[in-house]
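Asker: Before I ask anything, here is the structure I am working with.
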Amino acid sequence: MTDLVARLADGVRSIPAAQWDACAGTANPFVSHAFLAALEDSGSVGGRSGWQPIPIVVDGADGLPAAIAPAYAKAHSQGEYVFDHAWADAWERAGGSYYPKLQVAAPFSPVPGPRLLLRDPAAAPALIAALEAVTDRHDLSSAHATFVAPDQIPLFEQAGWLVREGTQFHWANQGYASFDEFLDALASRKRKAIRKERAAAVQGLTIRHLSGAAIQPAHWDAFWAFYQDTGSRKWGQPYLTRAFFDLLGATMGDKVLLILAECDGVPIAGALNLIGADTLYGRYWGCTQEVPFLHFELCYYQAIDAAIARGLRTVEAGAQGEHKLARGYVPVPTWSAHYIPDAGFRRAVSDFLVRERAAVESDQAYLAELAPFRRAAE
């Protein structure tokens, strides 16, 4: 591998889409050139956002990217969903500067996926070494790869990175032919509760599934209002700009599933999903009118309907949310990897991660026992 050369690129847009996607593949839309370039072009990253895009590229002997890391210089820890605020506070109190740090991620998207985009799998060690070199040479406190696909975690472990475990709730398609067939797999009490929720949620409403050219500017205007409402309550201000949604629809509309609830022809709530090779990814939700159970209907049940109709294997409905458990979404581990050059700081974080993992895995085992599926005796 002596012919490999690593470099920093000036944003995703500086790399031709065909070269980027030859590394990223087509399975996960959140690492596609179209998605990440839309974040840049819309001003959602870059500028004063605190997310400065600096993709790290390893070129092969043919002069084309053999491996890419979607990397960002971060001035804060917002929009990551793997929380390291306590680490930052400890490092600052010890006299260090935690920011900027290096973040390898799909911004604002707690979606597991590849963080080493590999046209040539043999280039993975060189790409990880390049991440470390950028951290060391620029005197950054740390580098973090968040929501790493499970099959890539061993690559980081072999390089000596610290690994952190978290939990999300995903729905698994067991070959169901319909939503009712999925319900048949649940305990009777849970089936009845879900049917009541669904009936109450949609009473007097029309539910629409829109994708591709069917999503018109008026639909994006409506969804922008929903997104702003949710963002202002959760984060103080939305991470994404209005322009991002137009670009998303224009450049990858066939990967978008927008689910809207309408009352008398007027959208009052919506859920935005992206469609992967085998997964439906639920991302954003919002409403301008509160309706009991409508959040569950649009984000969870309608997503299951869509996944079954498309033959998708999984629905990932975002970060956190133990309320998803009663609705057929089960706990699964998520993973991140962390490079910390300072030996003392690394030791402290490593000790914390050992204790944290034990608690996380205990919690996962407990939650799995609460899953709503029928027991063998039922």
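Asker: Tell me which of these Ile207 doesn't satisfy, since it passes every other one: (1) in contact with a Leu (Cβ under 8 Å, 6 or more places away or on another chain); (2) more than 26 Å from Gly253 (Cβ to Cβ); (3) of a type in the set (Val, Ile, Thr).
Answerer: Against the list (1) in contact with a Leu (Cβ under 8 Å, 6 or more places away or on another chain); (2) more than 26 Å from Gly253 (Cβ to Cβ); (3) of a type in the set (Val, Ile, Thr), Ile207 comes up short only on (2).
Asker: Here's another thing I want to ask about it. So which residues in the range 14-23 are open to solvent by 50 Å² or more (accessible area, probe 1.4 Å), over 22 Å from Arg283 (Cβ atoms) and not hydroxyl-bearing (Ser, Thr, Tyr), if there are any at all?
Answerer: Pro16, Ala18, Gln19, Ala22
Asker: Of the conditions (1) within 20 Å of the chain's Cα centre (by Cα); (2) surrounded by 20 or more Cβ atoms within 10 Å (Cβ to Cβ), Ala201 clears all except one; give me its number.
Answerer: (1)
Asker: Take the range 57-98 and flag every residue that is within 24 Å of Pro125 (Cα to Cα) and of a type in the set (Ser, Thr, Tyr).
Answerer: Hit for the range 57-98 is Tyr72, nothing else.
Asker: Which residue pairs have Cβ atoms under 7 Å apart, sit 6 or more places apart or on different chains, and have a first residue in the range 145-168 that is of a type in the set (Gly, Ala, Ser) and a second that is open to solvent by less than 10 Å² (accessible area, probe 1.4 Å)?
Answerer: Ala145/Val104; Ala145/Arg115; Ala145/Phe156; Ala145/Ser336; Ala145/Ala337; Ala149/Gly113; Ala159/Ile128
Asker: Among Val31, Val58, Val12, Val5, which is modelled with pLDDT under 95 and in contact with a strand residue (DSSP E or B) (Cβ under 9 Å, 6 or more places away or on another chain)?
Answerer: So the residue among Val31, Val58, Val12, Val5 that is modelled with pLDDT under 95 and in contact with a strand residue (DSSP E or B) (Cβ under 9 Å, 6 or more places away or on another chain) is Val5.
Asker: Taking the range 93-139 only, how many residues are assigned to a helix (DSSP H, G or I) and over 20 Å from Lys74 (Cβ atoms)? Spell out the reasoning first.
Answerer: Residues of the range 93-139 that are assigned to a helix (DSSP H, G or I), as a first pass: 93, 121-137.
Next, only the ones that are over 20 Å from Lys74 (Cβ atoms) stay: 121-126, 129.
Number of matching residues: 7.
Asker: How many residues, within the range 24-83, are in a loop (DSSP other than H, G, I, E, B), under 14 Å from Thr241 (Cβ atoms) and either open to solvent by less than 10 Å² (accessible area, probe 1.4 Å) or not small (Gly, Ala, Ser) (or both)?
Answerer: So the answer is 4.
Asker: Here is a follow-up. Look at Ile194 and say whether it is modelled with pLDDT of 95 or more, more than 30 Å from Ala358 (Cα to Cα), under 26 Å from the mean Cα position of the chain (by Cα) and not aromatic (Phe, Trp, Tyr).
Answerer: Against the criterion (modelled with pLDDT of 95 or more, more than 30 Å from Ala358 (Cα to Cα), under 26 Å from the mean Cα position of the chain (by Cα) and not aromatic (Phe, Trp, Tyr)), Ile194 does not qualify.
Asker: Mind checking which residues of the range 301-317 are of a type outside the set (Val, Ile, Thr), open to solvent by less than 10 Å² (accessible area, probe 1.4 Å) and within 17 Å of the chain's Cα centre (by Cα)?
Answerer: Across the range 301-317, the qualifying residue is only Ala303.
Asker: Considering each residue of the range 118-129, count those that are over 24 Å from the mean Cα position of the chain (by Cα) and open to solvent by less than 40 Å² (accessible area, probe 1.4 Å), and give that number.
Answerer: 2
Asker: Can you name the condition, by its number, that Ile194 falls short on among (1) buried (at least 16 other Cβ atoms within 10 Å of the Cβ); (2) in contact (Cβ under 8 Å) with a residue 24 or more places away in the chain; (3) touching an Asp or Glu at 6+ places or on another chain (Cβ under 9 Å); (4) over 30 Å from Arg115 (Cα atoms)?
Answerer: The number of the failed condition is (3).
Asker: Scan the range 262-296 residue by residue and report those that are free of Cβ contacts under 8 Å to residues at least 60 places away in the same chain and either farther than 19 Å from His170 by Cα or open to solvent by 30 Å² or more (accessible area, probe 1.4 Å) (or both).
Answerer: Glu262, Cys263, Asp264, Gly265, Val266, Pro267, Ala269, Gly270, Trp285, Gln289, Glu290, His295
Asker: Mind checking which residues of the range 168-183 are farther than 24 Å from Asp363 by Cβ and either assigned to a helix (DSSP H, G or I) or within 17 Å of the chain's Cα centre (by Cα) (or both)?
Answerer: Of everything in the range 168-183, those that are farther than 24 Å from Asp363 by Cβ and either assigned to a helix (DSSP H, G or I) or within 17 Å of the chain's Cα centre (by Cα) (or both) turn out to be Phe179, Asp180, Glu181, Phe182, Leu183.
The values are calculated or read from the model by the stated rules, or taken from the named source; none is laboratory data. It should be emphasised that the depicted structure is a prediction, and the values quoted were computed from it without experimental measurement. Positions of Cβ are backbone-derived with ideal geometry, glycine not excepted, and every protein chain shown enters the neighbour counts. Areas reflect the complete protein model, heavy atoms only, side chains present, ligands, DNA and RNA absent. Shrake-Rupley method; radii C 1.70, N 1.55, O 1.52, S 1.80 Å.
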